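Notes follow the structure.
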Amino acid sequence: MKRLFKINILLVFLFLYIPILVVVVFSFNSGDQISVWEGFSLDWYAKLFKNPDVWRACKNSLIIAGVATFISTIIGTAAALAIEKYRFRIRTALTRVLYLPLIIPDIVLAIALLTFYVQVKFPRGLTSVILAHVVFNIAYVTIVVRARLEGYDDTIEEAALDLGANQWQTFWRITFPLIAPGIIGGALLAFTLSIDDFVITFFTAGVGYTTLSVYIYSSLKFGLTPELNAISTMLLVNSIVLILLFLWFRGRNTQGYSVL
């Protein structure tokens, strides 16, 4: 039974990751076929870097992910500190509202945001996408920072206040260094989710504000090419690097106050 269980897990992993491996391999194919290997080449990556549409989409993706991550990190960190350090009347309700984007399907959230933009006549463009990404990124940042704050020793802050530091000095010299790994980890996770998002971006972006994920979807209408495999490979590498960084910072979260 144990052997069958291991075989089942192996088959599941093969089913999930072999298609990804095929995409990566055929991004280096010298021919224009995605199913016939004709030899190793970097020509598709060279064409990719010369494609102005790809650069435009990449620029939009980086702007959206960067700004959305910055805003959601500030709001998510503030929310986590408020929830963990203070007791107030709407604390439970606030927590549930913050975590709603985690359980709402992306398509439902995307349609809701699109409907809201139409109702208030908010123009769709980079700003509308950034606000949409902030909505779901706040929840992830809050969760990661709250995990860092669990078991947090408030007596350290009290000692700093007793020694003459004000609230602002205590935050920057005591609180912030202790929770910094959680903040950075949450920001990395938010950036990863934002730069890879398709559904919400597709519904909330305006004409001329294509991101890499939307560009890939649009290009599929003209057929599959190794260039799309190259773009997908670059996005995959980007996601892996960011996730590894997030896991590293999350690992530092478990080391108590060693960050000092």
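The table for this structure:
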quantity	calculated
Filter result (open to solvent by less than 30 Å² (accessible area, probe 1.4 Å), modelled with pLDDT of 80 or more and closer than 16 Å to Ala110 by Cα) within the range 196-225	Asp197, Ile200, Thr201, Thr204, Ala205, Thr211, Ser213, Val214
Selection status of Ile183, touching a residue at least 24 places away in the same chain (Cβ under 8 Å), open to solvent by 10 Å² or more (accessible area, probe 1.4 Å), of a type in the set (A, V, I, L, M) and more than 26 Å from Ile107 (Cβ to Cβ)	yes
Top-ranked residue of the range 74-105 - restricted to ones that are open to solvent by 50 Å² or more (accessible area, probe 1.4 Å) and among the small types (Gly, Ala, Ser), ranked as nearest to the chain's Cα centre (by Cα)	Ala78
Failed condition for Ala159, given (1) farther than 30 Å from Gln33 by Cβ; (2) of a type outside the set (Ser, Thr, Tyr); (3) in contact with a helix residue (DSSP H, G or I) (Cβ under 7 Å, 6 or more places away or on another chain); (4) assigned to a helix (DSSP H, G or I)	(3)
Every pair of residues 6+ apart whose Cβ atoms lie under 6 Å, when the first sits in the range 151-169 and is open to solvent by less than 60 Å² (accessible area, probe 1.4 Å) while the second is not in a loop (DSSP other than H, G, I, E, B)	Ile156/Ile174; Glu157/Thr170; Glu157/Ile174; Ala160/Thr170; Ala160/Ile174
Pairs, first within 25 Å of Val36 (Cβ to Cβ) and touching a residue at least 12 places away in the same chain (Cβ under 8 Å) in the range 203-230, second in a helix (DSSP H, G or I) and among the hydroxyl-bearing types (Ser, Thr, Tyr), C-beta under 7 Å, six or more apart	Ile216/Ser232; Leu228/Ser219; Ala230/Tyr45
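The values are calculated or read from the model by the stated rules, or taken from the named source; none is laboratory data. No experiment lies behind these values; they were computed from the predicted model shown. Positions of Cβ are generated from backbone atoms using ideal geometry, with glycine treated the same way; all protein chains shown enter the neighbour counts. The protein model used for the area step is the full one, side chains on, heavy atoms only, and it has no ligands, DNA or RNA in it. Shrake-Rupley method; radii C 1.70, N 1.55, O 1.52, S 1.80 Å.
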